[in-house]
Every structure is written in structure tokens, then in C-alpha cells.
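All of the numbers you see were taken from the coordinates with simple rules; none came from a lab. Being a predicted model, the structure only gives us computed values, none of them experimental. Don't worry about glycine lacking a Cβ; one is built from the backbone with ideal geometry, like all the others, and counts go over all protein chains shown.
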């Protein structure tokens, strides 16, 4: 039971479920009234949406397990209570578990449209490349995680074959906000990353400079957030819903300079509120 609990903890189930929810939001915003489709099987959009949600949760869980496998030495400093450092799961067991989850995600992805499958392939490769190649490069790893965070919406929209214009906007906003949150998190993890020899933005250029970069990226996202209303895609209800989300993220950016942990946590809450705003926009069209 301890090993099973450790394996489940590797997936960061809260993050995996949240990613699945974001995929569903992408599908909903794109529209679940599209016709049947799929690469190998002609399936209804509702079935494709469900397959995309579960595939996302499996892939995110696998990516988190892979990340813990490669970060096991860093985690002995930054997060000694993680399953591998504390001995609940062996490194080899974590790797095998990730491979199984990836395999299940690929099987489900085959029920989706060719575009969704293409996004899934790119994301799976990006997850592995991030932990092995790009995580310690200043800004590059953050940008890749930003893309992956935003792509959950894009994946959901592509899975159902619906209208992608509002989903693309949501993808861009989420990618920028996720990039900002990852930079703030790097500031939080400076001690362990420096010990491991990683060259993150705050280590390479200083913590304050890194936070300024995060604020600029977040500012671009917030400035673009009214676009669906200004372009006539969503009505005024969307704008009323997205402005509080913008306010939360602005406050989080301010808090990050004194308390990076608090800042990156509230940035996540603000992103979720922004996703809800797009649901409101879709419901009120």
C-alpha cells in the first residue's frame, strides 16, 4: 500500500485532474456539437472529449513521474518528502510507471482527430525533452512548460474538432501565464537548483531580473485577455468574468517579489479563474 500510495503521489493527482479539467474546458469552448470523427474510429465529440481528458491526466501523471525520476537528486534538497527521496518508490519503479501511463495515454489518443494526435505526440516528446534537456536552461524550460500548460486547452479543442479560434486565444494566454508562474517557482527553488548546477533564470541573471521577466510575460497575457470580447467572439459576460481573474494574477505578481511561494500559488488560482471566464463566454454566446 505504501508503494501504491507513492506511485499515485508521483503523478501529483491534483495537477493531473486539473489538467484534465482544462482539456475539457478547451473542448467545451471549441464546441461539443461538432460531427463524428477520429483517426481510427468514427466517434462522437463527447466520446472524444472524454478520451482527451483521461489521456491528458495520464500523460501529465507520467510527465510528473518522469520529472521526479530525473530530479531525484535535486529533490533530496528541495523536496525530501517526495516519494523517491524518502524511499517510497524506487527510481526504476517510477520510470516503469511513467512508461505505462504514457502507453495508456497514447492508446486513448488514437481515438481522436489527426490534429489532436499531432498535439499529443509533440507534447509527449516535449515532456521527456524538458526533464532531460531543457529544464536547466534559462527561460527555455519555462517556455516549454508554458507551452505544455496552454496546450491542454488546444488539445481539448482539437479533440472534438470544434471552433478553434477562441481556444487558440486561451492557449496563448495560458502559455504566457504558465511561463510567468514557472519563473516565479524557479525563484522559490534557487537553493536546490544551484546545488544541482542548473542554470535557471534567477541563477543566471538574478532573482529580481527573473521576476521582472515573469511580470512582463504576465502583463502581455493580461493585456490580451479582453481580445475575445473586443473581437466579438464572446459577449460582455466574458469580460466581466475575466477581469477578476486578471486582478488576482496582478496581485500574485506583486506578492512574488516578497514571497515567491505565495505568488506562484495565487497565479495558479488566477489562471483557473481565467479558464472559467472562457466557459462563461461560451455559455453566453
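Across region 137-178, what fraction of all alpha-carbon pairs, as a whole percent, falls in each successive 5 Å bin from zero upward? With 5 Å bins starting at 0, P(r) equals 6, 29, 27, 18, 12, 6, 2, 1.
For the chain, modelled as a Gaussian network with Cα springs under 10 Å, which listed residue fluctuates most, 107, 60, 187? Judging by the Gaussian network model, the answer is 107.
With contacts taken as Cα pairs under 8 Å at a separation of at least 6 residues, region 1-162 carries a relative contact order of 39 percent. The relative contact order of region 164-285, computed from alpha carbon pairs under 8 Å that lie at least 6 residues apart in sequence, is 30 percent.
In the chain, the ratio of gyration radius to Kirkwood radius, Rg to Rh, stands at 0.98 when only Cα atoms are counted. Exposure proxy for 249, 57: other Cβ atoms within 10 Å of each Cβ, ordered fewest to most, give 57, 249. The share of C-alpha pairs in region 1-162 whose separation exceeds 24 Å stands at 35 percent.
Over all projection directions, the Cα-based convex hull of region 164-285 averages an area of 7.2 nm². For region 69-109, the Cα-based Rg and Dmax, in that order, read 12.3, 37 Å.
Take every pair of alpha-carbon atoms less than 8 Å apart whose residues are at least six positions apart; their mean separation over the length of the chain yields a relative contact order of 20 percent.
Counting other Cβ atoms within 10 Å as a rough exposure proxy, the listed residues 170, 110, 239 run 110, 239, 170 from fewest neighbours to most.
Need one word for region 163-202: rounded, prolate or oblate. Basis is the Cα gyration tensor (sqrt eigenvalues a ≥ b ≥ c); a/c below 1.5 gives rounded, then a/b vs b/c decides. Prolate.
Each part reduced to its alpha carbon centroid, region 150-223 and region 51-109 end up 21 Å apart.
The fewest-to-most ranking of 229, 254, 69 by surrounding Cβ atoms within 10 Å reads 254, 229, 69.
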